[in-house]
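The values are calculated or read from the model by the stated rules, or taken from the named source; none is laboratory data. Small disclaimer: the values here were computed from a predicted structure and weren't measured. Counting neighbours? That spans all protein chains shown, and the Cβs are built from the backbone with ideal geometry, glycine included.
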Protein chains: 2
Amino acid sequence: MHPSVAIRQLTLISSGADYFSGLTNISMNSRKPEHEDLKKERMKSTFNPLELTILLDGGREKTKIRRELESNFFLDPDLKDPVPIDFLSHKEMYEETIRKTCILYKKFLELKKSEDEFSAFRERAAMTIVSAILKDGNPFVMNTAMFITTLRRQATPEQQKKWLKRALDFKILGTYAQTELGHGTYIRGLETTAHYHPETQEFVINSPTLSSYKWWPGGMGHTANYAVVAAQLYTQEVHRGVHIFIVQLRDEETHEPMPGMKIGEIGTKFGMHTINNGFLAFQNVHIPRDQMLMKNAKVLEDGSYVKSPSDKLVYGTMIYVRVVMLQTCAYQLGLAATIAIRYSAVRRQSEMKPGEPEPQILDYRTQQYKLFPSLATSFAFRFTANWLWNLYNEIIVELEKGTLRRLPELHALCCCLKAVCTYEAAKGVETCRLACGGHGYMTCSNFSTLYGAATARCTYEGENTVMLLQTARYLLKAWQQAKEGVALPPTVAYLSRAVTGSTGLKSWQNTTESIVTAFQQVAASKIKSCADSMAKRMQMGISPTDTWNMTSIELAQCAEAHARAFIVEKSVSTIEGMHNVSAAMKSILTQLCELYAVYTLLNNKGDFLMFSSVTSSNIASIQQWMEMLLLELRPNAVGIVDGFDFHDAALSSTLGAWDGQVYERLFEAASQSPLNKESVNQSFHKYLKPFLKSSM
Amino acid sequence: MHPSVAIRQLTLISSGADYFSGLTNISMNSRKPEHEDLKKERMKSTFNPLELTILLDGGREKTKIRRELESNFFLDPDLKDPVPIDFLSHKEMYEETIRKTCILYKKFLELKKSEDEFSAFRERAAMTIVSAILKDGNPFVMNTAMFITTLRRQATPEQQKKWLKRALDFKILGTYAQTELGHGTYIRGLETTAHYHPETQEFVINSPTLSSYKWWPGGMGHTANYAVVAAQLYTQEVHRGVHIFIVQLRDEETHEPMPGMKIGEIGTKFGMHTINNGFLAFQNVHIPRDQMLMKNAKVLEDGSYVKSPSDKLVYGTMIYVRVVMLQTCAYQLGLAATIAIRYSAVRRQSEMKPGEPEPQILDYRTQQYKLFPSLATSFAFRFTANWLWNLYNEIIVELEKGTLRRLPELHALCCCLKAVCTYEAAKGVETCRLACGGHGYMTCSNFSTLYGAATARCTYEGENTVMLLQTARYLLKAWQQAKEGVALPPTVAYLSRAVTGSTGLKSWQNTTESIVTAFQQVAASKIKSCADSMAKRMQMGISPTDTWNMTSIELAQCAEAHARAFIVEKSVSTIEGMHNVSAAMKSILTQLCELYAVYTLLNNKGDFLMFSSVTSSNIASIQQWMEMLLLELRPNAVGIVDGFDFHDAALSSTLGAWDGQVYERLFEAASQSPLNKESVNQSFHKYLKPFLKSSM
């Protein structure tokens, strides 16, 4: 018996064969026969991918629930596009999306209704499926993600009674209008005004300039009929800062914009084509006093202003949003890696050994070097996101008890993770696409949609550089405290060790322990170096603001190093803490975790040479370690991506389908082009023939 | 007088004020008033941007010619899109593109006809303008770029007589059909067959498998009516390898595909939406014997095969294609940097100093760090491309004399430059886009089109990793020769110095001399390290092919290091060799050149710490040097991009127009959306209202 088959069987036995039975993946019912190369790959893997699936879902029952939900949504013929939307005009794309979105949400609401308890897992799984079907942007997304969230957080019980249930039931459709044409990340700069008039007990909302037009909110173009709107509040002729107002945008019967409002969509974009981003301008729009969200700050009838007791509460939601972003980064990188790895297993090119057939491109070391790190990164981000998710749930409990102690630490952590993970995910998706050559450039590979969504995340929910600098500010404070001997919270405790010089291992060894220490040494040294140059600049009489700006390139790099150290540490500790997995599974997860760390180290080797116990003489052996990991992962690459258990409909890719019949699928996709319905396009007779016949 | 104004005047005087007169830029006739912030920036610059314009064009007369041509094309109302094509369906986009392309080429041909001498400069300039107007892909491009080139290179005089003039006059429209669905960079793997039948003196062409379908050729979908086709030749039942055949694809009168041919377009893509990439399958297509291109290899009437005397001649064309690619990389990076820098001069955000107005984002050091390196890279690539262009012209002369000696060196150089420059250009365009935040994500910023084109270049004309490995093979040979004491050609002469240990400076100094040496030290050491590990592996009994694959990650990195060393060296020597420029101009070009080098060094500092005289203790001062360059370039940033003298129509960007009225332009662009022509879209009545009214 081939050793790998033995291991495979062993895995099944050790985990209990029963455990895996009764779970059929509908992807397997793919209509084409399995490609021979993929079949061989699947025979080769040293573990049972289903064990990974169950591990990632969080249990056997959850895998079952998810697959049932997937069948329910993905096999529904009403949710298929008659023609791939990429061939449609911008307007047709919107109309087709609204059609599908209404059907989807109706289904989703019915599911919720039909069960006594629509579990959190089921709800999350269903929303992931919704996102997969509306992969180029969901025009309803802001209703759930921001409108309802804001009402829950900032509306009074009376306001919630009036609006929340209607929004939850999709009687009204809301969006979140904050960003303006001239104002993004810097919220204090918003220009929209809301003046309170005690005589009518109304706010009057205005967009005083073109740059104050609300710009970007998803679904605001032609879809939403309500919005929560951020505006500068003025009462009793005093400016009170930015507050949130609930505003009806369109008539519920006719959908016409309400009086005094100019509403439209902002045009075509790099990606997210169907999210229907909109603009909105106000001209003397009157709303009653009870439409300012007043759970915290309040405006009384006479215009007196009552301040919010605390504004840290908002951190909880930010952490939530960023954990979800991290999960999405991990998910999308997983999709990209799956597509590229399956394609690389069936694509053959060139001649590695004279006389032999063209090899699978997955056998090229350079190809493995492009793909496996993205696969590894997907796992590292997932482990980090899981840890944060658990933490978020602890924090929520603490918050309810009035404890805000851990918020600044975690807010700082989430800022840098948001930046690093969104950036790395986008880069990873692009690397996978480029590794698929020309065919990766086809829309039907699904890479362009994935990249369009992935790269957008670098900008929204806090621009990445701004995020990094927020974390850097926290890190500098923590460094100062460490120097003063103040005990630091867990995620920055390594700074105290750096101050005292007890940073751990003296000389480098190729172990995960060395790696974790080295990443923390680098982060601590970069923070120290920034603190020192800032001190020097201030001593030279440079103002604190100029000093900050002058040091900002390195400050952003500090925050990146902190994020990476955290991801590496959490990946290592997550795997160390896994006890209910087979030896084969654990070994693969360890390889992936090490690959993420070693690859990241080598890509930043200058920092490690300068600031950690890694020396020039270690680099060759670290490179060998990385290449060994690529080699070890090679036989399981297809098995691992099979373990993600992505439905073909979620992959939505000619190159990534389970069966691997890429050329047939590419040709079928081309056949769907409306241009191919006629052998000669009318432009020949109108333009081309007259030109060719007339030219000199 | 403010010192910068003094310098500006000095520049004008020293260069001769007359020299700049009489050149008006039509971009200046932009319909909106100049944004105040840009006006101030333009006052600040320490040099006259027109001097840069003239320098880049290559002389005053050329600037004049180019601007006249631009007026002629860009102001033609027939060449404007009634609606921006991004709003159209895939099919409408194609039809609108054919309309414009026919008008464009008619104009272009008339220009050629109306002049006694249509100079090479004028022709190149006009073609650049054509590309700007057809920025998302020119469906005729393959006729000139590949069909005509191939006929010139490989057709006999008789064949040229029959086809070339018709192609040059656009009586027929050709494309180049090489790549197949299953076969890209590896040409020997092509599957299309051409069997010669002496009894009819015909070739019979077939596509034996789905993976042999021709796939990707530009214009092949519904536009071209002829193609040169690469196929495996069989005569006298012997396989003769890949040869080129001229094949009529469509009837000249009806445009219907010729018998036995299946033709269509391949569908939607990440970018290059209007280039009309096509597929093509043959079923027993008969063509006469004289339609194999027989300038080199020949098939005689009886089927006897006559080999080509040499196949190195093809290198000349490859060098040509890659020089053009480098020029395009430099051009597109320039466009991206212009858009992002102008936007960053008018965009204001956040609060740098308490109480002061929001600063221009161009004043943030982190923003300068994102934008100025791309600007610098654009110049570095341009200098490199210019040097190569001159060389190419020398080589052509040598070739005609039968001297092939320098071809392998230059072919190797062009391979790695193709890879590094296309990759860096794409990355630079993306960095500029991300630096423009949300608005950079809008199609109307033009970044998505620029990136779509830039990233495609990493794949076509030789996939980048394959290119790097080709160079690596040459470098290893050169290294071996260096060790044997063989004198090496100029571009790899530094390897001989590395072998003898005479690599120049002993200790690092912040000078360009140190930089050039350090880049060469890094490249040489990486090549040496690869050669050593390969030797070790082979000694262990590993086969040469496995050794090559095992070392390929590092081999690719060698070739990158070689390319970077070359770009740095050529940039430095180009500027050193400039004598007819003002001191102010030269100082700015020097800053840009140093920034490219220092930025690249810091981004690869691990290599420099390991392999050059740079030590850890130098890094802080190199970082300071880089930041000083950012600071020095800041006042001239807008001046430099003005100096590119890009017409607003070429920038095609709401964010990058000369006047800087970004918010007005964004709003106008949104107003063009067909969705915004109605206040309520029909999908409300059809889908949304029924859903909202019915939901629970």
Step by step: first the residues of region A:634-682, then only those that are farther than 20 Å from A:Asp86 by Cβ and of a type in the set (A, V, I, L, M), then the one that is surrounded by the fewest Cβ atoms within 10 Å (Cβ to Cβ). Which residue is that?
A:Val680
On the basis of being at pLDDT below 95 and touching a Ser or Thr at 6+ places or on another chain (Cβ under 7 Å), does B:Thr144 make the cut?
no
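Here is a check on your reading of the model: is B:Gln236 farther than 30 Å from A:Tyr441 by Cα and either polar (S, T, N, Q) or crowded, with 21+ Cβ neighbours inside 10 Å (or both)?
It is true that B:Gln236 is farther than 30 Å from A:Tyr441 by Cα and either polar (S, T, N, Q) or crowded, with 21+ Cβ neighbours inside 10 Å (or both).
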Quick one: A:Gln332 ticks every box in (1) more than 14 Å from chain B (Cβ to nearest Cβ); (2) in contact with a Pro (Cβ under 6 Å, 6 or more places away or on another chain) bar one, so which box is it?
(2)
Among what's in region A:469-484 and is among the polar types (S, T, N, Q) and more than 14 Å from chain B (Cβ to nearest Cβ), pick the residue that is nearest to A:Ser529 (Cα to Cα).
A:Gln480
What pairs come up if the first residue lies in region B:395-418 and is at negative phi, the second is exposed (fewer than 15 other Cβ atoms within 10 Å of the Cβ), and their beta carbons are under 6 Å apart, counting only those six or more places apart or on different chains?
B:Leu404/B:Lys312; B:Leu407/B:Lys312
If a residue counts only when it is in contact (Cβ under 8 Å) with a residue 24 or more places away in the chain and hydrophobic (A, V, I, L, M, F, W, C), which helices (runs of 4 or more DSSP H) contained entirely in region A:53-161 have at least 2 such residues?
A:60-74, A:90-114, A:120-133
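From B:Ser582, B:Ser621, grab the single residue that is within 14 Å of another protein chain (Cβ to nearest Cβ), polar (S, T, N, Q) and farther than 17 Å from B:Ala380 by Cβ.
Answer to the selection: B:Ser621.
In this structure, does B:Ser616 turn out to be surrounded by fewer than 17 Cβ atoms within 10 Å (Cβ to Cβ), facing chain A (nearest Cβ under 7 Å) and of a type in the set (Ser, Thr, Tyr)?
yes
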Across region A:80-106, which residue is nearest to A:Arg124 (Cα to Cα) among those that are surrounded by fewer than 19 Cβ atoms within 10 Å (Cβ to Cβ) and more than 9 Å from every other protein chain (Cβ to nearest Cβ)?
A:Lys80
Quick one: which residue in B:Leu601, B:Leu555 is crowded, with 24+ Cβ neighbours inside 10 Å, under 24 Å from A:Leu630 (Cβ atoms) and within 14 Å of another protein chain (Cβ to nearest Cβ)?
B:Leu555
Restrict the check to region A:163-171 and report whether at least one residue is touching a helix residue (DSSP H, G or I) at 6+ places or on another chain (Cβ under 6 Å), acidic (Asp, Glu) and under 22 Å from A:Arg250 (Cα atoms).
no
Out of B:Arg122, B:Arg153, report the one residue that is away from every other protein chain (no Cβ under 13 Å) and surrounded by fewer than 17 Cβ atoms within 10 Å (Cβ to Cβ).
B:Arg153
Scan region A:257-298 for residues that are under 34 Å from the mean Cα position of the chain (by Cα) and farther than 30 Å from B:Arg433 by Cβ and jot them down.
A:Pro257, A:Met261, A:Phe282, A:Gln291, A:Met292, A:Leu293, A:Met294, A:Lys295, A:Asn296, A:Ala297
Taking region B:212-233 only, how many residues are among the charged types (D, E, K, R) and surrounded by fewer than 24 Cβ atoms within 10 Å (Cβ to Cβ)?
0
Residue match in region A:131-147 (condition: polar (S, T, N, Q), touching a Phe, Trp or Tyr at 6+ places or on another chain (Cβ under 7 Å) and within 23 Å of A:Met261 (Cβ to Cβ))
no
State whether the residues of region A:343-350 include one that is within 30 Å of B:Ala669 (Cβ to Cβ), hydrophobic (A, V, I, L, M, F, W, C) and surrounded by fewer than 23 Cβ atoms within 10 Å (Cβ to Cβ).
no
Count, please, the residues in region B:175-196 that happen to be closer than 17 Å to B:Val247 by Cα and touching a residue at least 60 places away in the same chain (Cβ under 8 Å).
5
Looking at (1) crowded, with 17+ Cβ neighbours inside 10 Å; (2) closer than 30 Å to B:Ile85 by Cβ, which is the one condition that is false for B:Arg289?
(2)
Residue in region B:180-192 that is nearest to the other protein chains (Cβ to nearest Cβ), counting only those that are at pLDDT below 95 and surrounded by fewer than 21 Cβ atoms within 10 Å (Cβ to Cβ)
B:Tyr186
Residue check, B:Ala487 against (1) small (Gly, Ala, Ser); (2) within 14 Å of another protein chain (Cβ to nearest Cβ); (3) surrounded by fewer than 24 Cβ atoms within 10 Å (Cβ to Cβ), all met but one. Which one?
(2)
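Looking at region B:162-179, which of its residues are small (Gly, Ala, Ser) and within 12 Å of chain A (Cβ to nearest Cβ)?
Within region B:162-179, B:Ala167, B:Gly174 qualify.
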Can you spot a residue in region B:479-494 that is in a loop (DSSP other than H, G, I, E, B) and among the aromatic types (Phe, Trp, Tyr)?
no
Unmet criterion (only one of (1) over 29 Å from the mean Cα position of the chain (by Cα); (2) modelled with pLDDT of 95 or more) for A:Gln520:
(1)
Given (1) within 12 Å of chain B (Cβ to nearest Cβ); (2) of a type in the set (A, V, I, L, M, F, W, C); (3) more than 30 Å from A:Ala670 (Cβ to Cβ); (4) within 27 Å of the chain's Cα centre (by Cα), where does A:Val492 come up short, assuming only one miss?
(1)
Of the residues in region A:649-674 that are assigned to a helix (DSSP H, G or I) and touching an Asp or Glu at 6+ places or on another chain (Cβ under 8 Å), the one that is farthest from A:Tyr451 (Cα to Cα) is A:Ala670
